[in-house]
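Asker: This is the structure, below, for whatever I ask next.
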Amino acid sequence: MGLLIDKSMTDPRVKLKNPVVAAVLGYLIPGAGHWYQGRYFKAAIYTVCILGTFFYGMHLGNWKTVYYKWTGRSKTIGFFAQIGVGLPAMGALIQHKRYDAPQDPFHANHRIEKESSLGEKLEAPFKGRVRFAGEDAVRDIEGQLTLVQDGGEMSWEVNGSLKGTIDGKEPIELELGDPVEVGPQIFASENISFQYLRLEEDPVQDQFASDRRYVMCHVHEKGEAHEYEVAIIEGTVPRAFWDYYQVPIEDDAEQHLNRILGKQMELALVFTWIAGLLNLLAVWDAYEGPAYGYGDEPTEEEAKKKQSESHASKTKEPEAAAAEA
Amino acid sequence: MMASLTLLAASNFTWYVFPLAFVISLVYSASRYELPERIIRRATRLFITIVGFMAIVFAVLLALSFKL
């Protein structure tokens, strides 16, 4: 449907205030530029529709749809569409930087690998299992876990403790030490399956989680001359929301996600891409005003009708004059 | 609402065309005009056009795949 409007000028009835400020606001938060300009009806449309589409896409993809990764074969080209939505997607850029930066000593591939971050401490509520030496039984254990990295630059070790209960009733305090495995602090989705204290009833498939961080430690007991390993604990501690939200996802977790979600994952991506692209229209509208006009201009059909009516009346006039003469 | 939409769409992903077409129509039309009535009128027409086009494509593909 074409329209008869002058596209070179914004309708003076549309108050754009400061268009640059409006465009920047509109980019950062969909609809914010229009709220600033006082164009509330359109602001509501943009905010609800664009943010709704974006977050619904995130929800469909288990909140793992938006992240920025640019390494080797793994490049999230679609992120350039998602970033159109502004602040809601910008977290991915920050998380990409945080993910690539050196993390705390309890970092990367379930191994503590860094030597220089001395005095780092991990304190968190632990939930998992324990098995004592000489026993076959694996028991549940919960409590407050503390792990501290000690040692110099050349040699280092991890020590700690766990104060809690076994099977929910028996209070216990354990001295922890090497070997220790801890999941990375900043991680999108981690395999938290039991590797050492697996039970028969555990699911065969790997279990992934974002909000939990894998921990395995050995339990030590001091003897007269030596320290003895008396047990092993394995489980998880919580991971903060900001340590997994929009963090680049690892290949194995991505494959797991595609396996459980299938086509839904692709659809989730499409939702977030569309949201980002739609916001570009909103930003342009905040900067330049509506593309076709205010909305009270005649449509092409109405203009044609009017034209034919005036044409008819013009042709009738000479006929009437001739008849009168 | 989100849960019911997900439940509905879980049966067939084609249902997602409705919310997507709705959002695209509304935002696109809002970026073209200023008057609310005109935006809604135009968005409704666009929505019907998109869904109608999709329905025609769907019908053609369904006919072509009949007894395949």
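Asker: Hull surface divided by four, with the convex hull built on the Cα atoms of the stretch B:21-68: how many nm²?
Answerer: Its Cα hull, projected and averaged over all orientations, spans 3.4 nm².
Asker: Also, quick follow-up: Please give the helix A:263-288 orientation as an angle from the longest Cα principal axis of chain A, in degrees from 0 to 90, rounded to the nearest 10.
Answerer: Helix A:263-288 sits at roughly 50 degrees to that axis.
Asker: Assign one of three labels to the stretch A:121-245, namely rounded, prolate or oblate, based on the Cα gyration tensor with a ≥ b ≥ c the square roots of its eigenvalues; rounded applies when a/c is under 1.5, prolate when it is not and a/b is larger than b/c, and oblate otherwise.
Answerer: Oblate, since a/c reaches 1.5 and b/c is not below a/b.
Asker: Over 31 Å between C-alpha atoms is what I'm after, so list which of A:LYS64/A:LYS127; A:LYS42/A:LYS69; A:LYS15/A:LYS75; A:LYS97/A:LYS121; A:LYS127/A:LYS222; A:LYS97/A:LYS263 land there.
Answerer: Too far apart for the 31 Å limit: A:LYS42/A:LYS69; A:LYS15/A:LYS75.
Asker: A further question follows. Suppose R0 equals 35 Å; then what is the FRET efficiency for A:GLU302 and B:ALA55 from their Cβ-Cβ distance, rounded to the nearest 0.05?
Answerer: 0.80
Asker: Roughly how compact is the protein assembly as shown, stated as its Cα Rg over 2.2 N^0.38 Å to two decimals?
Answerer: That ratio works out to 1.46.
Asker: Over chain A, calculate the relative contact order: mean separation of alpha carbon pairs under 8 Å at least 6 apart, over the residue count, as a percent.
Answerer: 26 percent
Asker: Have a look at A:LEU199, A:LEU269, A:LEU145 and tell me which one the Gaussian network model of chain A (Cα, springs below 10 Å) gives the largest fluctuation.
Answerer: A:LEU199
Asker: Still on this structure, please answer the following. Rounded, prolate or oblate for the stretch A:203-325? Axes are the square roots of the Cα gyration tensor eigenvalues, ordered a ≥ b ≥ c, and the cut-off for rounded is a/c under 1.5.
Answerer: Taking the square roots of the gyration eigenvalues as a ≥ b ≥ c, the stretch A:203-325 is prolate.
Asker: I need two numbers for the stretch A:2-82: Rg to one decimal and Dmax as a whole number, Cα atoms only, in Å.
Answerer: Cα radius of gyration and Dmax of the stretch A:2-82 are 17.2, 52 Å respectively.
Asker: In addition: With axes computed from alpha carbons, what is the tilt in degrees of helix A:251-261 against the longest principal axis of chain A, rounded to the nearest 10 within 0 to 90?
Answerer: 60 degrees
Asker: What span do the alpha-carbon atoms of the stretch A:195-234 cover on each of the three principal axes, reported in whole Å from largest to smallest?
Answerer: Principal-axis extents of the stretch A:195-234 (Cα, largest first): 43, 24, 9 Å.
Asker: Pick out, from A:THR10, A:ILE186, A:THR165, the residue whose Cα sits farthest towards the positive end of the charge dipole of the protein assembly as shown, with +1 on the Cβ of Lys and Arg and -1 on the Cβ of Asp and Glu.
Answerer: A:THR10
Asker: Separate question: So how strong a dipole does chain A carry about its Cα centre when Lys and Arg Cβ are +1 and Asp and Glu Cβ are -1, to the nearest 20 debye?
Answerer: 1760 debye
Readers should treat all values here as calculations from the given coordinates under stated rules, not as data from a laboratory. From a predicted model like this one, the values you see are computed outputs, not experimental measurements. No Cβ is skipped: glycine too gets one built from the backbone with ideal geometry, and neighbour counts run over all protein chains shown.
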